Amino acid sequence: MKVLFATSEAVPLVKTGGLADVSGALPAALRRENVDIRLLIPGYPAVKAWLGTEMRHLADVTLPPFPHARLLGGSLPSGVPVIVIDCPPLFDRPGGLYASAEGTDWPDNDLRFGLLSGTAALLAHRSSPLSWRPDILHCNDWQTGLAPIYLRAMRGEGAPTVFTIHNLAYQGIFLPGTIPRVGLPWELFRPDALEYYGNVSYLKAGCQFATRLTTVSSTYAREIQSEPLGFGLQGLLSWRSRDLVGILNGIDTDAWNPQTDTAIPARYGIDTLPRKDRNRDALRQALGLDDIPGVPVAGVVSRLTHQKGLDLLAACAEGLLHLPLQIAVLGSGDLPLERAFQALAANHPGQIGVRVGFDEAFSRLVEAGADFFLMPSRFEPSGLNQMYSQRYGTPVVARSTGGLADSVIDLTPESLVTGHATGFLFEEATPEALSGAVSRAVAAFRNRRVWRRLQRNGMGCDFSWDASAREYGNVYRSVAGRG
């Protein structure tokens, strides 16, 4: 099976969010499953600098109305081949991938990712300038959303397409004039094509025209078929529900391994869990929390935003301290929330510790040092920290949404007996519901037998990318031959 994986970012080349993590890890896992996969990515300065002089010229590409581009070849450390779209007028510029250093979206993003989509379609078509042609074109998020419609416009002998929605909230919306700017006919400006409430949506194009749709958890696949998480596309996604499947993201289980993690003071495993307590001691010391035996520490590593539900925690934090409980927070985001958590820490020294910003090593200390982890997200397509936490023997308190609902098993008498329980779920996005779940966690923490069982259950879960890759392989096989 030959697959072209088109994406706007991928680690270790370049990253702004979770899409890059998926794009770096999933192709590597698929390669281990004997999929002949190649990554297609724009030639940002960081990408070309990372791949360096080892890149070789593969072909020239002229796709009117876009500027001329070259295709350059390289490879990731995983061995996955990379095809880079070298087009300096569109990609060789300072600032971010999607916006300037001042945070303003690049005004030609429609062209930039129109070229990414158009090149992906060309390489998946019989007219490709490369001798290697994929059996499947796998597109990711709005930046590649036009590829299926370009491929249809080329007609004949094109690969079928899989389009993955990583977060429906980001849709690539542009003014109607984008249609001729990217070489498409005006007739596509209609509700069953590109039109989206008077504008153009690249994400809608992918959802409308791809052969098969996937998203990053089975619960999120259901949630986006209705309001509010459908973000205006719920009707289309409900109509295409038979072509939509949810596959939970994985994590790098080698990089996130408490037995080998050099960022934490005490390494430990499923059979040496008492060593974990030393990491709690280090976390308390780093944040100035009091060393009080028998009082658990709840950890947070997150963007401090409305989506992540951290306003719910800010609203109930003072009440939680009386359980008793300590709270350790690492994150940045909305300024009012940053200030709210800083004020909580100032008013409750020794009980609440906050670091505003992000520090990879410290995030690992929170994962390893916290007794349980808080994720009260309003929506969470897949989520990663709940998987990191369980791998580190840190049960999770989470809202039952998206990937959280698919990867955290609520503690009940039945789930404890069957050996599946790994954390605590709550339904409503309210401070009261979050408080109730945290109270359950504190009560369970006091029962060492129950708590050890929860920890071991989570550490025994398979959150590897290999499990996800096998499911994607099934999707590829199911659509092969449907181009």
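The values are calculated or read from the model by the stated rules, or taken from the named source; none is laboratory data. This one's a predicted model, so the numbers in the text were calculated from it and none came from an experiment. Cβ coordinates were reconstructed from backbone atoms using ideal geometry, including for glycine residues, and neighbour counts include every protein chain displayed. Only protein heavy atoms, including side chains, enter the accessible area calculation; ligands, DNA and RNA are left aside. Shrake-Rupley method; radii C 1.70, N 1.55, O 1.52, S 1.80 Å.
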For region 45-52, indicate whether the set of residues that are within 24 Å of the chain's Cα centre (by Cα), surrounded by fewer than 20 Cβ atoms within 10 Å (Cβ to Cβ) and of a type in the set (Phe, Trp, Tyr) is non-empty.
yes
Are any residues in region 206-219 under 21 Å from the mean Cα position of the chain (by Cα) and either surrounded by 24 or more Cβ atoms within 10 Å (Cβ to Cβ) or part of a helix (DSSP H, G or I) (or both), and if so, which ones?
Gly206, Cys207, Ala210, Leu213, Thr215, Val216, Ser218, Thr219
Whether any residue in region 369-389 is under 23 Å from the mean Cα position of the chain (by Cα), surrounded by fewer than 24 Cβ atoms within 10 Å (Cβ to Cβ), among the aliphatic types (A, V, I, L, M) and in a helix (DSSP H, G or I) is what I want to check.
no
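Given the criterion at pLDDT 95 or above and closer than 18 Å to Asp271 by Cα, identify the matching residue among Pro381, Pro376, Pro395.
Pro395
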From (1) of a type outside the set (A, V, I, L, M, F, W, C); (2) open to solvent by 10 Å² or more (accessible area, probe 1.4 Å); (3) closer than 20 Å to Arg280 by Cα; (4) in contact with a Ser or Thr (Cβ under 9 Å, 6 or more places away or on another chain), pick out the condition that doesn't hold for Arg399.
(3)
Within region 88-123, how many residues are over 19 Å from Asn140 (Cβ atoms), in contact with a Phe, Trp or Tyr (Cβ under 8 Å, 6 or more places away or on another chain) and hydroxyl-bearing (Ser, Thr, Tyr)?
1
Residues of region 193-205 being polar (S, T, N, Q) and open to solvent by 10 Å² or more (accessible area, probe 1.4 Å), in sequence order, are Asn199
Which residues, counting only those in region 53-67, are assigned to a strand (DSSP E or B) and open to solvent by 50 Å² or more (accessible area, probe 1.4 Å)?
Arg56, His57, Leu58, Asp60
Considering region 353-364, residues that are open to solvent by 20 Å² or more (accessible area, probe 1.4 Å) and of a type in the set (A, V, I, L, M, F, W, C), and then whichever is farthest from Ala314 (Cα to Cα), we arrive at Ala361
What residue, among those in region 141-167 that are open to solvent by 20 Å² or more (accessible area, probe 1.4 Å) and either in a helix (DSSP H, G or I) or without any contact (Cβ under 8 Å) to a residue 24 or more places away in the chain (or both), is nearest to Tyr98 (Cα to Cα)?
Trp142
So Ser23 passes all but one of these: (1) open to solvent by less than 10 Å² (accessible area, probe 1.4 Å); (2) outside any strand (DSSP E or B); (3) in contact with a helix residue (DSSP H, G or I) (Cβ under 6 Å, 6 or more places away or on another chain). Which condition number does it fail?
(3)
Only one of Arg70, Arg133, Arg93 is basic (Lys, Arg), more than 21 Å from the chain's Cα centre (by Cα), open to solvent by 10 Å² or more (accessible area, probe 1.4 Å) and modelled with pLDDT under 95. Can you tell me which?
Arg93
Going through (1) under 21 Å from the mean Cα position of the chain (by Cα); (2) under 26 Å from Ile37 (Cα atoms) one by one, Ile173 fails only at (2)
Filter result for Ile37 (touching a residue at least 12 places away in the same chain (Cβ under 8 Å), surrounded by 21 or more Cβ atoms within 10 Å (Cβ to Cβ), β-branched (Val, Ile, Thr) and in contact with a Lys or Arg (Cβ under 6 Å, 6 or more places away or on another chain))
yes
Only residues in region 177-192 that are surrounded by 10 or more Cβ atoms within 10 Å (Cβ to Cβ) count as the first member; pair them with residues that are outside any helix (DSSP H, G or I), Cβ under 6 angstrom, at least 6 apart or cross-chain, and list the lot.
Thr178/Val200; Ile179/Phe189; Gly183/Pro65; Leu188/Leu194; Phe189/Pro176; Phe189/Glu195
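Quick one: in region 233-255, of everything that is modelled with pLDDT under 95 and touching a Phe, Trp or Tyr at 6+ places or on another chain (Cβ under 9 Å), which residue is farthest from Asp141 (Cα to Cα)?
Thr253
Sort out which residues of region 187-243 are of a type in the set (Ser, Thr, Tyr) and over 20 Å from Gly177 (Cα atoms), and write them in order of number. Steps first, please.
Residues of region 187-243 of a type in the set (Ser, Thr, Tyr): 196-197, 201-202, 211, 214-215, 217-220, 226, 238, 241.
Of everything in region 187-243, those that are of a type in the set (Ser, Thr, Tyr) and over 20 Å from Gly177 (Cα atoms) turn out to be Thr211, Thr214, Thr215, Ser217, Ser218, Thr219, Tyr220, Ser226, Ser238, Ser241.
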Cβ-Cβ under 6 Å pairs, at least 6 apart or on other chains, region 436-450 side over 14 Å from Pro324 (Cα atoms), far side assigned to a helix (DSSP H, G or I)
Val450/Ala444
Would you check which residues across region 220-243 are open to solvent by 40 Å² or more (accessible area, probe 1.4 Å), in a loop (DSSP other than H, G, I, E, B) and at negative phi and list them?
Gln225, Ser226, Glu227, Pro228
Residues of region 101-114 classified as without any contact (Cβ under 8 Å) to a residue 60 or more places away in the chain and farther than 15 Å from Ala46 by Cα, total:
7
What pairs come out if I take residues in region 405-428 that are free of Cβ contacts under 8 Å to residues at least 40 places away in the same chain and surrounded by 12 or more Cβ atoms within 10 Å (Cβ to Cβ) and pair them with residues that are outside any loop (DSSP other than H, G, I, E, B) and hydroxyl-bearing (Ser, Thr, Tyr) whose C-beta lies under 6 Å away, six or more apart or interchain?
Ala421/Ser415
